Each structure stands twice: as C-alpha cells, then as structure tokens.
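J.: What follows is a structure written as structure tokens; I'll ask about it next.
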Amino acid sequence: MKLERALAKFVCNTKYEDLTKVIDTVKLQVLALYGATIAGANAEGCKAIADYVCNLGGNKEATVLIHGGKVPAQMAAFANSVMGRALDIDDHISPGVHIGSSVIPAALATAELVGGCSGKELLTAIAVGTEVSLRLNLEDMDYDGFDPTGVAAVYASAAAAAKLLNLNEEQTLNTLALAFNRCGGSFQSNVDGSLAVRIIEGWTAQAGIECARLAQIGITGPHNFLEGVYSYFHLYASEEKDRSYVIENLGKKWHIGTINFKKYPSCGLTQGSTELILDMMREHRFLASDVEKIEVRVPPYSYKLVGKFALGRNPKVNAQFSVGYCVANAVVRKEISLSQFEAEMIKADDVQQFLAERVEVINDPNAGRSHYSSDIVVRLKNGVVLNGSIDVPPGTPDNPMTYEEHRRHFQDCVSFANLPWLTDKKCESILSVIEGIENVASINSIIPLFLP
C-alpha cells in the first residue's frame with residue numbers, strides 16, 4: 001500500500017507555498033476553464049442538464065453557473081463540468097485526459113459546500129488534484145479505447161474534494177480508493193460524435209465529490225487500488241508496467257507543467273494540423289480556389305479518433321473530432337473561430353464540398369512521431385506541390401501560448417456566448433479576479449460574477 005498511502009499524504013500535506021513552480025499554470029487552467037464554461041453554457045444539452053439537476057431538488061449546497069440555481073454539491077459540479085467540456089476548449093494532456101473541466105468544477109462546488117475557502121486554498125486543491133491525475137495517467141495502448149478522462153480525471157476531482165473537505169489521511173486514502181471504482185467511459189463516445197463525451201466529464205467531477213463525502217462518513221474503499229491483484233494497473237495497463245513513477249519525486253517535481261492548452265476549439269489531436277495548414281496558407285499565399293487536393297497524414301491513434309467525418313446527429317461534436325473538417329474549415333474560411341463549430345456553419349455547402357472533394361485524411365504509421373504529429377501535402381491546380389510537417393502544436397509546453405493569447409481566448413469565449421448580462425465590465429472583473437485569485441479571501445465572493 002506504499003503508492004496509495006504516499007498519494008494520500010501528498011494530498012493532505014501539500015500547502016499553497018509548495019506551488020511556487022506551478023501556480024501560473026494552475027491559474028491558466030482556471031482561466032481556460034471559465035472561458036470554456038461561459039462559451040459552452042448554451043451548447044446542445046447544457047441548459048437541459050442545468051434544468052435537470054435543478055429539478056432533482058435536494059440540499060442547496062452549490063451553484064450551477066451561468067444558468068443559476070443551487071443544488072447538491074456533486075450535481076452542481078456535474079452540470080458545471082459538462083458546460084466546461086462542451087466546446088472542447090479546456091486544458092488537456094495526451095492521450096486525451098481533460099483534467100481542468102473535472103477538477104475545477106469539483107473544487108468550486110466543494111468550496112461552496114464547506115462554506116467557502118480562500119483563493120490559495122482553492123488553487124492548492126486544484127493543483128494536488130491535477131497532479132494526482134497526471135501521475136496516474138497512462139499511455140494510449142494501456143487505455144485501449146477507455147476514455148482517459150473517465151479513467152484518470154476522477155482522481156483529480158476526488159483529491160481536490162478531499163483536500164477542501166479537510167479529510168485526514170485515512171479518509172483521503174478511502175476517497176481515492178472509492179474513486180478507483182468509478183473509473184470508466186469509452187472513446188466510442190467521441191468516435192460516434194455523441195454528447196456522452198461531455199457527460200463523462202461531468203461524471204468525473206460528480207463522482208469525485210461523492211467519493212470524498214462517502215469517505216468522510218466512514219465508507220471505505222480498496223486500499224490496494226494501485227498495488228493489489230485486481231488493481232488499477234491490472235485493469236487498465238500491463239501488469240508488468242513499472243509503477244514507481246507514480247510517486248517518484250512526488251511534491252518535489254511537478255507534472256503540471258506538461259498540461260496543454262488549446263488555441264483552436266476542437267480536439268487536441270486536430271490542433272497541429274489546423275496550425276500547420278494555416279501556416280502553409282500564410283507562407284505560400286494560396287486560397288481554397290487554388291487547391292486541387294490536400295492529403296493530411298496522421299498516426300493511427302489520431303486517425304481512430306479524428307480521422308473521419310460525418311454530419312450525424314451531432315455535427316458539432318463530429319466537427320470537433322474531425323481533422324478533415326478542421327483543415328477544410330481553415331482553408332475555406334482562412335481563420336478559426338468558435339462560431340465555425342456551430343451546426344449551420346459546419347453544414348455550409350462550401351466547406352462540405354471542399355471537405356468531400358479535396359481533403360483526404362490518411363492513416364499513416366510513419367506519421368506517428370507523436371500523437372499530435374501531422375504531415376500535409378497540398379497539391380495546387382497549377383502543379384505546385386507543397387509539403388509541411390508539425391510535431392509540436394500550439395499550446396503545448398514546447399510551443400506555449402502567450403498570456404495575451406490566453407486572455408484573448410477568454411474574451412473570444414465571452415463574445416461567442418453573447419450573454420447580455422456579461423458586460424465588458426463584468427468580463428474585466430472576472431479576468432482581474434482570476435489573475436489575482438490567490439488574494440481572494442473567500443471564493444464564494446466570485447460566484448456572482450458568473451450569474452445574471
């Protein structure tokens with residue numbers, strides 16, 4: 001039980017002062033998530049989810065953001081998490097774990113549940129939850145089709161909730177052990193373009209709080225959930241996999257710096273191809289009308305998730321998870337915006353015709369330098385052939401977005417949401433609070449900023 005106990009100790013003992021190397025990244029997580037929540041609040045299914053949790057009734061413990069209403073903390077986290085993931089513009093990490101939209105809604109709802117906490121306490125809870133999730137993140141071949149968010153992110157929300165509930169080490173161990181039993185979800189949800197993608201995200205936030213609350217009242221979980229015979233690694237990874245990395249330099253070397261942020265409103269696996277085709281257009285000055293054919297070569301892992309496109313029942317989700325649509329959209333419209341992932345824009349004849357007739361996405365094992373790698377060949381009507389490659393998309397640690405880009409991203413989310421009550425003044429207040437969140441005495445004071 002060495003690994004499990006070490007994680008519980010880390011959650012319990014970490015203080016705000018220990019975050020000096022990662023605090024800026026945690027604040028960027030918060031900025032990205034609340035921009036995504038504002039923009040995603042009225043995405044398909046989100047208002048229905050908000051109404052659903054409010055109609056269930058129960059103790060009025062935490063707030064459903066944007067739409068309003070107070071509900072049990074775990075249900076508020078569920079609704080807010082669904083909104084945060086809806087447009088797929090939250091933070092993420094390979095091979096597909098979305099941590100911020102699980103851990104931050106869970107942390108905020110738990111903070112309300114306990115009557116409030118300081119900004120420093122909230123940031124600490126988010127940091128320890130994020131770190132635990134990153135430590136338990138696996139490789140794509142380990143997940144083998146399980147949704148990495150559904151498997152690994154539940155530990156983030158569980159750890160954050162345990163931290164803010166001020167659980168002791170034994171209770172925290174049981175929180176994580178119970179969370180082990182809530183791991184799940186399938187990438188088939190993404191492949192089929194279903195709304196379940198964002199619902200899985202909501203479940204991870206909800207389950208984290210539920211596990212912490214159950215542990216608080218004495219419910220126990222399997223303490224050997226990492227080292228036991230039927231443990232996490234037995235179920236989701238090779239039993240021979242070295243497990244020592246889970247606690248290696250824990251609390252000294254943080255993995256939070258590996259988090260990726262999104263420049264474009266689509267799956268992380270489409271970011272590189274989108275950036276590459278836009279760069280090629282700027283460099284070689286060609287237009288959609290000049291193009292005879294575009295070949296987009298991606299590695300097998302990416303192809304399984306984003307290699308195909310069909311309008312289907314949920315065009316928005318299908319477009320978010322289609323590298324072909326992202327490339328066609330970029331060439332035809334010369335830029336990328338949130339509005340271009342709305343159904344009417346996705347269905348537009350010019351983009352659909354260009355995608356069907358001139359863009360081919362190819363499953364290429366040789367393009368597999370990383371999951372994010374992409375090779376693009378553009379054949380122009382004048383006979384010129386252009387070649388481009390990208391391995392490091394924007395928003396990754398090796399190609400980070402500037403703070404101004406993060407700020408502009410938030411403002412773009414606000415503009416897209418078009419909420420009459422979210423004025424420029426209120427938007428600036430939100431930005432100011434997030435930028436100085438460590439100085440906030442009670443996090444409850446910022447909640448009205450996200451309500452009409």
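J.: Checking residue 358 against (1) at pLDDT below 95; (2) surrounded by 12 or more Cβ atoms within 10 Å (Cβ to Cβ); (3) of a type in the set (D, E, K, R), which single condition isn't satisfied?
T.: Going through (1) at pLDDT below 95; (2) surrounded by 12 or more Cβ atoms within 10 Å (Cβ to Cβ); (3) of a type in the set (D, E, K, R) one by one, residue 358 breaks only (1).
Matching residues to (1) aromatic (Phe, Trp, Tyr); (2) in contact with a Cys (Cβ under 9 Å, 6 or more places away or on another chain); (3) crowded, with 24+ Cβ neighbours inside 10 Å:
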{"position": "134", "(1), (2), (3)": "no, no, no"}
{"position": "139", "(1), (2), (3)": "no, no, no"}
{"position": "143", "(1), (2), (3)": "yes, no, no"}
{"position": "167", "(1), (2), (3)": "no, yes, no"}
{"position": "181", "(1), (2), (3)": "no, yes, no"}
{"position": "184", "(1), (2), (3)": "no, no, no"}
{"position": "188", "(1), (2), (3)": "no, no, no"}
{"position": "191", "(1), (2), (3)": "no, no, no"}
{"position": "219", "(1), (2), (3)": "no, yes, no"}
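J.: So is residue 111 farther than 28 Å from residue 128 by Cα, among the small types (Gly, Ala, Ser) and more than 11 Å from the chain's Cα centre (by Cα) or not? So that I can check it myself, show each step before the final result.
T.: Values: farther than 28 Å from residue 128 by Cα: no; among the small types (Gly, Ala, Ser): yes; more than 11 Å from the chain's Cα centre (by Cα): yes.
Taking the combined requirement at face value, the residue does not satisfy it.
J.: A further question follows. Within the group 291, 296, 317, 306, which residue is farther than 14 Å from residue 270 by Cβ and surrounded by 19 or more Cβ atoms within 10 Å (Cβ to Cβ)?
T.: 291
J.: Just to check your reading of the model, which residue among 47, 15, 9, 2 is out of contact with any helix residue (DSSP H, G or I) (no Cβ under 9 Å at 6 or more places or on another chain) and at pLDDT 95 or above?
T.: On the way: 15 fails: out of contact with any helix residue (DSSP H, G or I) (no Cβ under 9 Å at 6 or more places or on another chain); 9 fails: out of contact with any helix residue (DSSP H, G or I) (no Cβ under 9 Å at 6 or more places or on another chain); 2 fails: at pLDDT 95 or above.
Matching residue, one of 47, 15, 9, 2: 47.
Here is a yes/no grid of residues against (1) of a type in the set (Gly, Ala, Ser); (2) assigned by TED's automatic domain parsing to the domain that holds residue 129; (3) under 27 Å from residue 111 (Cα atoms); (4) touching a residue at least 60 places away in the same chain (Cβ under 8 Å):
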site	(1), (2), (3), (4)
157	yes, yes, yes, yes
165	no, yes, yes, no
181	no, yes, yes, no
186	yes, yes, no, no
190	no, yes, no, yes
195	no, yes, no, yes
203	no, yes, yes, yes
216	no, yes, yes, no
243	no, yes, no, yes
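J.: Strands (runs of 3 or more DSSP E) wholly in the stretch 323-441 with at least 1 residues that are among the polar types (S, T, N, Q) and touching a Ser or Thr at 6+ places or on another chain (Cβ under 6 Å) - which ones?
T.: Values: elements: 359-363, 374-380, 385-390.
Those strands (runs of 3 or more DSSP E) span 374-380.
J.: Look at residue 127 and say whether it is assigned to a helix (DSSP H, G or I), of a type in the set (Gly, Ala, Ser), more than 16 Å from the chain's Cα centre (by Cα) and more than 24 Å from residue 269 (Cβ to Cβ). Break it down stepwise before answering.
T.: Values: assigned to a helix (DSSP H, G or I): yes; of a type in the set (Gly, Ala, Ser): yes; more than 16 Å from the chain's Cα centre (by Cα): no; more than 24 Å from residue 269 (Cβ to Cβ): yes.
Judged against the criteria, residue 127 is not a match.
J.: Right, next: Would you tally the residues in the stretch 66-113 being within 21 Å of residue 211 (Cα to Cα) and either of a type in the set (A, V, I, L, M, F, W, C) or in a loop (DSSP other than H, G, I, E, B) (or both)?
T.: Qualifying residue count, the stretch 66-113: 20.
J.: Then there is this: Regarding the stretch 379-397, can at least one residue be identified that is within 29 Å of residue 124 (Cβ to Cβ) and charged (D, E, K, R)?
T.: Checking the stretch 379-397: not a single residue is within 29 Å of residue 124 (Cβ to Cβ) and charged (D, E, K, R).
J.: Restricting attention to the stretch 21-33, report how many residues are among the hydrophobic types (A, V, I, L, M, F, W, C) and either surrounded by fewer than 18 Cβ atoms within 10 Å (Cβ to Cβ) or not assigned by TED's automatic domain parsing to the domain that holds residue 231 (or both).
T.: Looking only at the stretch 21-33, we keep the residues that are among the hydrophobic types (A, V, I, L, M, F, W, C), and these are 22-23, 26, 28, 30-33.
Checking which are either surrounded by fewer than 18 Cβ atoms within 10 Å (Cβ to Cβ) or not assigned by TED's automatic domain parsing to the domain that holds residue 231 (or both) leaves us with none.
Residues in the stretch 21-33 being among the hydrophobic types (A, V, I, L, M, F, W, C) and either surrounded by fewer than 18 Cβ atoms within 10 Å (Cβ to Cβ) or not assigned by TED's automatic domain parsing to the domain that holds residue 231 (or both): 0 in total.
J.: Oh, and also: Could you list, ordered by first residue, the pairs with Cβ atoms under 6 Å in which the first is in the stretch 293-314 and in a loop (DSSP other than H, G, I, E, B) and the second is buried (at least 22 other Cβ atoms within 10 Å of the Cβ) and acidic (Asp, Glu), at least 6 apart or interchain?
T.: Every condition considered, no pair remains.
J.: Another question about this same structure. Across the stretch 47-69, what is the total count of residues that are surrounded by 23 or more Cβ atoms within 10 Å (Cβ to Cβ) and in contact (Cβ under 8 Å) with a residue 60 or more places away in the chain? Walk me through how you get there before you give the answer.
T.: Here is the first cut: in the stretch 47-69, the ones surrounded by 23 or more Cβ atoms within 10 Å (Cβ to Cβ) are 49-50, 53, 62-66.
Then keep just the ones that are in contact (Cβ under 8 Å) with a residue 60 or more places away in the chain; that gives 49, 63, 65-66.
The qualifying residues number 4.
J.: Would you confirm whether or not the stretch 8-20 contains a residue that is within 29 Å of residue 302 (Cβ to Cβ) and assigned by TED's automatic domain parsing to the domain that holds residue 209? Let's see the steps before the verdict.
T.: Taking the stretch 8-20 as the starting set, the residues that turn out to be within 29 Å of residue 302 (Cβ to Cβ) are none.
No - not one qualifying residue is present in the stretch 8-20.
J.: What pairs come out if I take residues in the stretch 316-336 that are closer than 11 Å to residue 278 by Cα and pair them with residues that are of a type in the set (Asp, Glu) whose C-beta lies under 8 Å away, six or more apart or interchain?
T.: Cβ pairs passing all conditions: 332/350.
J.: Which one of 86, 111, 106, 73 is touching a strand residue (DSSP E or B) at 6+ places or on another chain (Cβ under 6 Å) and surrounded by 24 or more Cβ atoms within 10 Å (Cβ to Cβ)? Full working, then the answer.
T.: Details: 86 fails: touching a strand residue (DSSP E or B) at 6+ places or on another chain (Cβ under 6 Å); 111 fails: touching a strand residue (DSSP E or B) at 6+ places or on another chain (Cβ under 6 Å); 106 fails: touching a strand residue (DSSP E or B) at 6+ places or on another chain (Cβ under 6 Å).
After ruling out the rest, the residue left standing is 73.
The values are calculated or read from the model by the stated rules, or taken from the named source; none is laboratory data. These numbers come from a predicted model, not from an experiment. No Cβ is skipped: glycine too gets one built from the backbone with ideal geometry, and neighbour counts run over all protein chains shown.
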